[in-house]
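Before any comments, here is the structure.
The values are calculated or read from the model by the stated rules, or taken from the named source; none is laboratory data. Worth saying up front: this structure is predicted, and the values here are computed from it rather than measured. Every residue, glycine among them, receives a Cβ derived from its backbone with ideal geometry; neighbour counts consider all protein chains shown.
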Amino acid sequence: MTLDQVTQRKLWIFDMDGTLSEAQHDFDAIRCTLGLPDDLPILESIAALPPEQAKAVNEQLDEIELEISKASKPAEGAAELLEALIANDCKIGILTRNNLVNIQVTLDAAGLYQYFDEVDLISRDCIAPKPAPDGIFHLVDRWQGDISDAIMIGDSIHDIAAGNNAGVTSVYYDPDGVFEHRKQADICVRSLRELIPSG
Ligand SMILES: [Mg+2]
């Protein structure tokens, strides 16, 4: 599969933090603050806690992430890519492990909110979090599209795994070019500008 083939797709599902917005989350520091094990994903660690404790830790996580959201900046090329996709009659949505309030705050702070229809912003509040494929299926169904026309773009293994679990093309974005999880991804890009359809 080539980059040119991928950029002709019509159904684009983006991760948010570290993909459309510049990476700011220090997940190790967040795990430490929340008293969670340092070798497991945060949401899954919280889900394994007793319900009362999980609720309290979740609220603490919401507060930490809200502060991060308020300081969000757009990733280089994000606005250009979204404008090009809209001009090309593509569908665009967000699938994040963050919550709905923080999607709105993040996109607003990063100047990207106006590109999205609110019903295409899918958070951990309404669907099983990535790497579950549910959010991808939900958006493709909503758009009445074909799963073969969809791509999942993100900066973490959760994004790539969600794409793989849904059977869609996974695009791995890493502005540093390290691509730790390159073997699992279909396409690797260092800049969102690489994904702008060539016309
Ligand atoms: Mg991310």
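Being free of Cβ contacts under 8 Å to residues at least 24 places away in the same chain, under 20 Å from Ser21 (Cα atoms) and not basic (Lys, Arg) is a property that does not hold for Asp159. The residue of the stretch 160-174 that is nearest to Ile122 (Cα to Cα), among those that are out of contact with any Leu (no Cβ under 8 Å at 6 or more places or on another chain) and within 12 Å of the ligand (Cβ to nearest atom), is Ile160. If you go through the stretch 89-107 and keep only what is under 18 Å from Pro197 (Cβ atoms) and exposed (fewer than 15 other Cβ atoms within 10 Å of the Cβ), you end up with just Asp89. Could you grab me the full set of residues in the stretch 130-145 that are among the charged types (D, E, K, R) and either out of contact with any Leu (no Cβ under 8 Å at 6 or more places or on another chain) or not assigned by TED's automatic domain parsing to the domain that holds Met16 (or both)? Passing the criteria: Asp134, Asp141, Arg142.
Conditions (1) away from the ligand (no atom under 15 Å from the Cβ); (2) not hydrophobic (A, V, I, L, M, F, W, C), marked per residue:
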residue: Leu85; (1), (2): yes, no
residue: Ile92; (1), (2): yes, no
residue: Gly111; (1), (2): yes, yes
residue: Ile122; (1), (2): no, no
residue: Pro133; (1), (2): yes, yes
residue: Asp155; (1), (2): no, yes
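When the stretch 152-199 is filtered for residues that are among the aliphatic types (A, V, I, L, M) and under 13 Å from Pro133 (Cβ atoms), the ones remaining, listed by number, are Met152, Ile160, Ala161, Ala162, Ala166, Val168.
Applying the criterion of at least 1 residues that are within 16 Å of the ligand (Cβ to nearest atom) to the helices (runs of 4 or more DSSP H) found wholly in the stretch 1-81 leaves 27-34, 42-47, 51-70. Just one of Ala75, Ala110 is surrounded by 15 or more Cβ atoms within 10 Å (Cβ to Cβ), more than 30 Å from Asp146 (Cα to Cα) and touching a residue at least 60 places away in the same chain (Cβ under 8 Å); which is it? Checking each option against the conditions leaves just Ala110. Restricting the stretch 134-161 to residues that are polar (S, T, N, Q) and over 14 Å from the mean Cα position of the chain (by Cα) leaves a set whose member that is farthest from Asp174 (Cα to Cα) is Gln144. Looking at the stretch 45-58, is at least one residue touching a Leu at 6+ places or on another chain (Cβ under 6 Å) and not small (Gly, Ala, Ser)? Yes, there is a match, as at least one residue in the stretch 45-58 is touching a Leu at 6+ places or on another chain (Cβ under 6 Å) and not small (Gly, Ala, Ser). Taking the criterion of being among the hydrophobic types (A, V, I, L, M, F, W, C) and over 18 Å from Thr96 (Cα atoms), the residues of the stretch 153-183 that qualify are Val178, Phe179. Of the residues Ala162, Ala128, the single one that is modelled with pLDDT of 95 or more, small (Gly, Ala, Ser) and in contact with a Ser or Thr (Cβ under 9 Å, 6 or more places away or on another chain) is Ala162. Of the residues making up the stretch 50-69, those that are among the charged types (D, E, K, R) and either more than 17 Å from Asp108 (Cβ to Cβ) or at pLDDT 95 or above (or both) are Glu52, Lys55, Glu59, Glu63.
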